[in-house]
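Structure first, commentary second.
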Amino acid sequence: MDVVTQSRLLSTLRYDVPASLVVFLIAVPLSLGISMASGAPLAAGLIAAVVGGIVAGALGGSAVQVSGPAAGLSLVVADLVQTYGWRATCMITLLAGAVQLVLGVFRAARAALAVSPAVVHGMLAGVGVVIALSQLHVVLGGSSQRSALANIMELPAQLAEMHGHTVAVGLLTIAVLALWTRLPKRVKVVPAPLAALLVAALTAYVFQWDVTRIDLSGTFGDWQFPVVPQGDWEHIVAAVLLVALLAGVESLLCSVAVDGMHTGPRADLDQELTGQGVANMVSGALGGLPLAGVIVRSTANVQAGARSRWSTILHGSWVLVFALGFGWTIKLIPVEALAALLVFIGVQMVNLGHVRKVHGHGEVPVYVATMAAVILLGLAEGVLAGLALAALLALRRLTWVTVKIHEMPDGRWHATICGSLTFLGVPRLTHELRAIPEGAAVDLDLNIDFMDNAAFEAIHSWRLGHERLGGTVDIDEVHDEWYALAASGARTYPAKSLPKAPDRSWLPWAHRNHRPARHATPPTHGVTPPTHGRPASVECQLTAGAREFHRRTAPLVRPIFTELAHKQQPSHLFITCADSRVVPSLITASGPGDLFTVRNIGNLVPRRGAEPHDDSMVAAIEYATQVLSVHTITVCGHSGCGAMAGLLSGGVKAGSLPGLRRWLRHGHHSLARFVENAEEPLDGRALDQLCRVNVQQQLENLRTYRKVDEQVRDGRLQLVGLYFDIGAAQVHIVPPLPPTLAVKI
């Protein structure tokens with residue numbers, strides 16, 4: 001056995017086998033519950049779990065995604081079973097798998113991601129409500145009705161005729177599910193669904209409660225080949241396409257979501273769709289439910305430490321062993337307990353986190369409309385309604401234009417046009433622009449992503465007319481120069497009056513080419529003008545920059561900040577120098593919410609217990625690693641660092657700055673290491689060499705904090721060193737200190 005094979009075997013035994021057992025314990029009760037909600041034989045859910053684990057796990061494109069019967073398909077399956085019968089439904093599943101296989105072969109997986117997530121989340125929420133309503137009747141001792149409306153209408157009568165033991169079993173199951181997450185970690189090793197069913201079954205058995213036992217007919221030994229559905233071929237084809245597309249989209253979106261949970265290889269979506277197709281063909285042929293990637297099991301798989309597809313394959317094998325050897329134990333589970341599990345799952349499918357996400361992008365109407373239509377009309381109708389509304393909203397965004405006009409204190413008029421300028425927005429555009437008085441000086445900002453010829457003609461004609469009457473129009477385009485490109489072909493307009501080059505507001509103030517008169521006294525938008533004690537020129541630039549942010553950038557980034565306003569979830573703690581030339585977001589191409597940044601003189605990390613004591617850095621490290629749970633701590637130094645120059649001068653360059661001299665004591669370890677390991681006499685490059693060594697030393701200083709060291713050893717935290725060469729505008733990776741050097745100090 002070679003080294004690579006032995007390493008993979010050890011990794012499988014250490015990580016994948018325990019993870020597969022965790023997923024297996026979750027998959028069995030959920031598969032039984034989804035079978036019950038689908039109106040299919042209970043064994044069909046176990047068959048789908050086995051095939052989803054072994055076949056989809058082996059052939060799919062995701063290393064850690066777990067496939068099996070999905071709650072989102074239960075309404076479709078229930079309707080198909082009632083319309084065509086179970087064996088015909090299996091044939092529809094088989095044909096749907098063939099469709100997925102063809103789509104995967106022709107690499108159509110990416111097209112499925114064009115479906116709005118708001119539609120998918122709304123669909124799942126609607127399915128969850130329908131499942132909860134239908135199974136609530138079973139918990140109360142009755143039977144579910146044909147539709148969600150019927151279940152709602154029958155609920156009062158059902159509540160009036162509650163049966164004691166059945167209700168007690170259901171409430172006990174829900175109570176265990178709700179309280180299980182609050183128990184200690186060593187208890188939560190047993191998944192909540194399994195624990196709830198075990199508690200309900202044992203309680204009903206001990207107290208001899210009168211409950212309904214599960215009928216496990218349709219087991220592996222009762223297999224019959226699927227039959228061709230009888231009926232109109234148009235409806236059968238529609239059913240096949242519906243199952244194929246819903247299962248495929250759910251699987252692909254699950255793959256994308258799971259990719260963000262682990263650091264392993266990314267999923268091949270076309271291969272994943274192909275694997276799902278083969279698995280559905282096998283599941284349908286064996287009498288199993290349609291299957292898809294399931295986010296609950298996939299999340300549990302990742303959190304349990306799975307590293308490869310062996311976890312998924314093994315979980316399917318455990319389900320198979322259980323079904324063949326211990327299937328008789330399922331008969332001990334009360335039907336009411338399984339129904340209570342479905343009620344709990346249905347309620348959880350209405351995910352408030354999804355609502356917040358779609359709210360940040362203005363898609364709550366799509367979510368609500370899809371959910372309501374699924375509940376009131378049906379799954380296919382709800383999805384179509386959601387897609388139609390999403391398309392209408394997208395069309396509205398493409399054609400919607402906002403025009404804001406106001407007079408500034410200096411007498412100039414400021415107009416801002418945002419959106420997509422098409423012929424549909426021309427009437428409103430011209431109406432708003434004509435409200436500007438004749439002869440006025442106008443600053444016109446075009447914050448647009450498209451402009452058709454009709455919109456250009458409208459703006460251009462208004463501009464020519466306004467200037468003929470003695471006014472002036474200064475046009476500034478924030479993004480692409482739609483107007484400038486169009487106007488370059490209009491010979492009636494002088495070239496010198498075309499808009500200036502695109503905005504370069506990220507450049508230092510000294511390198512910008514702003515027109516001072518234009519933004520001398522615009523509205524402050526909540527920015528307080530400077531008062532006393534500071535240079536007026538600096539304050540003027542800062543407040544003008546804040547106004548520029550409100551005018552240009554804020555409308556573009558507001559959706560991002562709306563989402564970030566609820567909670568910060570940075571992935572990195574970034575420790576760097578306070579030097580004004582170091583801009584973390586610029587040199588790392590990061591954005592809002594990515595970096596938890598700490599800046600100080602010399603990017604120093606005081607060692608634990610060092611003097612003079614500094615709680616600010618300790619607090620930042622503790623908060624980042626123990627509250628924010630960052631994955632990486634990066635220390636970034638830079639060329640020409642003044643703090644390192646002060647160290648090299650022995651404190652002379654710190655002059656009469658006692659605070660700075662005390663702070664630089666935290667850099668003495670860096671200086672000592674640099675001097676001790678210098679291979680040649682110090683020269684002009686010594687400063688930058690010390691800057692690099694300082695980064696390495698600060699990484700070592702981080703390991704003096706126990707929690708940091710533990711997380712690094714466990715592989716939960718990575719320490720990274722960067723060096724920014726300012727003159728070359730290049731960022732270099734600084735390797736950690738060799739072990740032989742790390743132990744010297």
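The values are calculated or read from the model by the stated rules, or taken from the named source; none is laboratory data. Computed from a prediction, not measured in an experiment: that's the story for all the values here. A quick note on method: Cβ atoms are made from the backbone with ideal geometry, for glycine too, and the neighbour counts reach across all protein chains shown. Accessible surface is based on the protein model in full, side chains and every heavy atom, while ligands, DNA and RNA are left aside. Shrake-Rupley method; radii C 1.70, N 1.55, O 1.52, S 1.80 Å.
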request  = Output yes when any residue across region 2-12 is closer than 29 Å to residue 198 by Cα and either touching a residue at least 60 places away in the same chain (Cβ under 8 Å) or among the charged types (D, E, K, R) (or both), and no when none is.
outcome  = no
note = Of (1) open to solvent by 20 Å² or more (accessible area, probe 1.4 Å); (2) among the polar types (S, T, N, Q); (3) over 25 Å from residue 36 (Cβ atoms); (4) modelled with pLDDT of 90 or more, residue 311 satisfies every one except (1)
inquiry  = Pairs please, first residue from region 704-732 and under 22 Å from residue 303 (Cα atoms), second anywhere and open to solvent by 70 Å² or more (accessible area, probe 1.4 Å) and of a type in the set (S, T, N, Q), Cβ atoms under 9 Å, 6+ apart in sequence or on different chains.
reply    = 707/626; 712/718
key: Cross-chain or 6+ apart pairs with Cβ under 9 Å, region 63-83 first and under 24 Å from residue 316 (Cα atoms) and without any contact (Cβ under 8 Å) to a residue 40 or more places away in the chain, then aromatic (Phe, Trp, Tyr) and surrounded by 24 or more Cβ atoms within 10 Å (Cβ to Cβ)   = none
ask   = What pairs come up if the first residue lies in region 326-337 and is more than 19 Å from residue 39 (Cα to Cα), the second is aromatic (Phe, Trp, Tyr), and their beta carbons are under 7 Å apart, counting only those six or more places apart or on different chains?
value = 332/205
ask   = Among helices (runs of 4 or more DSSP H) lying entirely in region 37-138, which contain 1 or more residues that are on the phi > 0 side of the Ramachandran plot and modelled with pLDDT under 90?
value = none
note = Residues of region 270-301 being of a type in the set (A, V, I, L, M, F, W, C) and open to solvent by less than 30 Å² (accessible area, probe 1.4 Å), in sequence order, are 273, 279, 285, 289, 291, 292, 294, 300
Search result, residues across region 583-617 that are open to solvent by 40 Å² or more (accessible area, probe 1.4 Å), part of a loop (DSSP other than H, G, I, E, B) and of a type in the set (S, T, N, Q) = 588
query = Taking region 393-404, which residues are of a type outside the set (Ser, Thr, Tyr), part of a strand (DSSP E or B) and out of contact with any helix residue (DSSP H, G or I) (no Cβ under 6 Å at 6 or more places or on another chain)?
reply = 404
inquiry  = Just checking, does region 422-438 include any residue being more than 30 Å from residue 372 (Cα to Cα), open to solvent by less than 60 Å² (accessible area, probe 1.4 Å), part of a strand (DSSP E or B) and of a type outside the set (A, V, I, L, M)?
reply    = no
query = Limited to region 656-674, what total is found for residues that are open to solvent by 80 Å² or more (accessible area, probe 1.4 Å) and either closer than 16 Å to residue 698 by Cα or assigned to a loop (DSSP other than H, G, I, E, B) (or both)?
reply = 4
inquiry  = If the requirement is being assigned to a helix (DSSP H, G or I) and either touching a residue at least 60 places away in the same chain (Cβ under 8 Å) or under 31 Å from the mean Cα position of the chain (by Cα) (or both), which of these qualifies: 261, 281?
reply    = 281
